[in-house]
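Chemist: To start, I am sharing the structure in question, which I have written as structure tokens.
The values are calculated or read from the model by the stated rules, or taken from the named source; none is laboratory data. Here the structure is a predicted model, which means the values were calculated and not measured. Positions of Cβ are backbone-derived with ideal geometry, glycine not excepted, and every protein chain shown enters the neighbour counts.
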Amino acid sequence: MEPRQELRDVAPDDAAALRKQDRKFVVALGRGLSILEALAAGETWLASGTLAARVGLPRPTVSRLLQSLVQDGYVHYSERRRQYRLGLGVVALGQTATGASGAAQLVQPYLRYLADTFNVHASLAGRDRLDAVQIEVCHSTTTLMTLQLDVGSRIPLAGTATGHALLATLPEEELELLYGHLSRRHAKHWHEIRARIEEARAEHAARGYTTSRHGWMTDINGVAAALPRDRDGAVLALSCGAPARHLPRAKMEVIGQELKRISAEIAAGLADS
């Protein structure tokens, strides 16, 4: 029997196609969630017409869904702007989701240590479809040269140390499923990108961490290590990044060893909890 394809494992366009094929899928709920995703993906404020275009739904349908989301506190409407943004109800859900992870509770002191010791942006990240999402972050307090990434920020899986670490420990079956969707997202350069991912997975297997130079952005270097899967099967990664001139290869190697050590300590802490 072929493995069931989880919606969280696929790109938005592919997920939409799967939803239409799933008899158990609740259309109205899915449409409401697509609106929340659109509000989370870009500018703070969006008009209903813009949202309708982004989610591919008629404007009257989007307006009705927005009214319900506003009433429930998941979306906020500004009379002055005549636009919408995410509401505090979504913030509460997000805090509950991240707080449910034992790793997220343990990781903050380590992130602060990494950020201030090495003058980098340090984070705990997880995967949502084809992106790595920042779950916990710490910016260096001693330098302004840090990445503009905060909780909820997304970066690509492919081409980033964080993304490669999240892919590093996946079983082959799950990895091949993701490769199918990544190949469509990065069709023009897929062969080169896949080779880089495989190199990163080999590096992680050999050294316990992986590095990326001038990957996600041409002037950004990064180093990351996957955490062992928790009891619920979540895959998370610790990562550090900075402008390339502030994160040379030698420094990346030192940080990589620290990430490997910290990952082991967090795993031990989770095992004892």
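Chemist: Taking GLY49 as the residue in question, decide whether it is in a helix (DSSP H, G or I) and surrounded by 15 or more Cβ atoms within 10 Å (Cβ to Cβ).
Modeler: Criteria not met by GLY49.
Chemist: Looking at (1) at pLDDT below 80; (2) under 19 Å from GLY87 (Cβ atoms); (3) over 21 Å from the mean Cα position of the chain (by Cα), find the lone condition where SER63 falls short.
Modeler: Tallying (1) at pLDDT below 80; (2) under 19 Å from GLY87 (Cβ atoms); (3) over 21 Å from the mean Cα position of the chain (by Cα), SER63 fails exactly one: (1).
Chemist: Enumerate the pairs (first residue in region 244-263 and in the same structural domain as LEU114 (by TED's automatic domain parsing) and of a type in the set (Phe, Trp, Tyr); second residue anywhere and surrounded by 15 or more Cβ atoms within 10 Å (Cβ to Cβ) and part of a helix (DSSP H, G or I)) with beta-carbon separation below 9 Å, excluding pairs fewer than 6 apart on the same chain, so at least 6 apart or on different chains.
Modeler: Within 9 Å, no pair qualifies.
Chemist: Let me ask something additional. For region 20-44, name all the residues that are of a type in the set (A, V, I, L, M, F, W, C) and at pLDDT 80 or above.
Modeler: At the first step, the residues of region 20-44 found to be of a type in the set (A, V, I, L, M, F, W, C) are 25-29, 33, 35-36, 38-41.
Passing the criteria: VAL27, ALA28, LEU29, LEU33, ILE35, LEU36, ALA38, LEU39, ALA40.
Chemist: When region 29-50 is examined, which residues are found to be closer than 18 Å to GLY89 by Cβ, touching a Ser or Thr at 6+ places or on another chain (Cβ under 9 Å) and not charged (D, E, K, R)?
Modeler: GLY32, ALA38, TRP45, listed by residue number.
Chemist: Please work out which residue is surrounded by the most Cβ atoms within 10 Å (Cβ to Cβ), limiting yourself to region 185-218 and to residues that are in contact with a His (Cβ under 8 Å, 6 or more places away or on another chain) and either aliphatic (A, V, I, L, M) or farther than 13 Å from LEU167 by Cβ (or both).
Modeler: Taking the candidates together, the pick is ALA200.
Chemist: Restricting to helices (runs of 4 or more DSSP H) lying wholly in region 157-209: which have 1 or more residues that are farther than 18 Å from ALA225 by Cβ and of a type in the set (Lys, Arg)? Lay out the reasoning, then the answer.
Modeler: On the way: elements: 161-168, 172-185, 190-207.
Helices (runs of 4 or more DSSP H) meeting the threshold: 172-185, 190-207.
Chemist: Just need a number here: residues in region 237-255 that are part of a helix (DSSP H, G or I) and small (Gly, Ala, Ser).
Modeler: Result for region 237-255: 2.
Chemist: Looking only at region 156-173, decide whether some residue is in contact with a Pro (Cβ under 9 Å, 6 or more places away or on another chain) and surrounded by fewer than 21 Cβ atoms within 10 Å (Cβ to Cβ).
Modeler: For region 156-173, residues in contact with a Pro (Cβ under 9 Å, 6 or more places away or on another chain) and surrounded by fewer than 21 Cβ atoms within 10 Å (Cβ to Cβ): present.
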